[in-house]
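What follows is a set of notes on a single structure, which appears directly below.
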Amino acid sequence: MSLTIDESALIAQSKKGDLDAFNCLVLSYQDQAYNLALRMLGDQPSAEDVVQDSFIKAYKKLHAFRGGSFRAWILRITTNNCLDVLRRQKRTPTLPLNPINEDSVEEQESPYWLADDSPSAEEKVIQKELGDVIQRCLQQLPEDFRAVVVLVDVQGLNYQEAAKVVKSPLGTIRSRLARARQRLQKCLQRVWELLPEKYRLMDEGGS
């Protein structure tokens, strides 16, 4: 199915109550919504529940969708549901939140360690370790920072799309993303030093 050709028609049919059409939209975006929820919550059952609830809400509110990016719309619903779950659970970041002057924060390039590459057989062990480390470090970020870095660096949204999803100014998105990347990098460096040396050598291409 070509989303660029069929998505508008699927949305129109879904608004008329066509469940098959809406299921096509679900199949197109459920993996992205799930990956977002899993990174935000760090818990598979919770992520599955949030995604299910998000698509149910999307279907019920489909009449309110006025066009634009359906992907951004469903990710916004998913993000809001994740934030609701985190607030109910009253999770707080474990890293100190030192105030930073927004004007002094330098924007970093999208980190290579958040790339979603398919590992070779030889790299599976190190990729598993890295995945666990990244998730632990993500969980230590403030909720708003976590949402932005997952949307941009994991889901691949641009700044404008991320700003629409979280309903924040573009400058706020840039500032949060820069801070989130800095803290993730520091966390990953600290944890990476504790991994066995053979894992570090694998990642560096050593023998």
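The values are calculated or read from the model by the stated rules, or taken from the named source; none is laboratory data. Given the structure is predicted, the values throughout are model-derived calculations rather than measurements. We place every Cβ from the backbone using ideal geometry, glycine too, and count neighbours over all the protein chains shown. Accessible surface is based on the protein model in full, side chains and every heavy atom, while ligands, DNA and RNA are left aside. Shrake-Rupley method; radii C 1.70, N 1.55, O 1.52, S 1.80 Å.
PHE70 exposes around 0 Å² of accessible area when a 1.4 Å probe is run over every protein chain in place. Compared with the direct C-alpha span, the chain from LYS186 to ARG87 gains 33.1 nm at full extension, assuming 0.36 nm per residue.
Taking a point 7 Å out from the Cα of GLN160 in the direction of its Cβ, the residues of segment 39-69 whose backbone N falls within less than 20 Å of it are 66-69.
I want the local charge near SER14. Using Cβ-Cβ distances under 12 Å, sum +1 for each Lys or Arg and -1 for each Asp or Glu among the other residues.
Overall, the nearby charge balance is 0.
Given R₀ = 25 Å, FRET efficiency for LEU19-HIS63 by Cβ-Cβ distance, to 0.05? Once the sixth-power term is evaluated, E becomes 0.95.
Accessible area per residue, 1.4 Å probe, Å², for segment 30-83: what's the number? Each residue of segment 30-83 exposes 46 Å² on average to a 1.4 Å probe.
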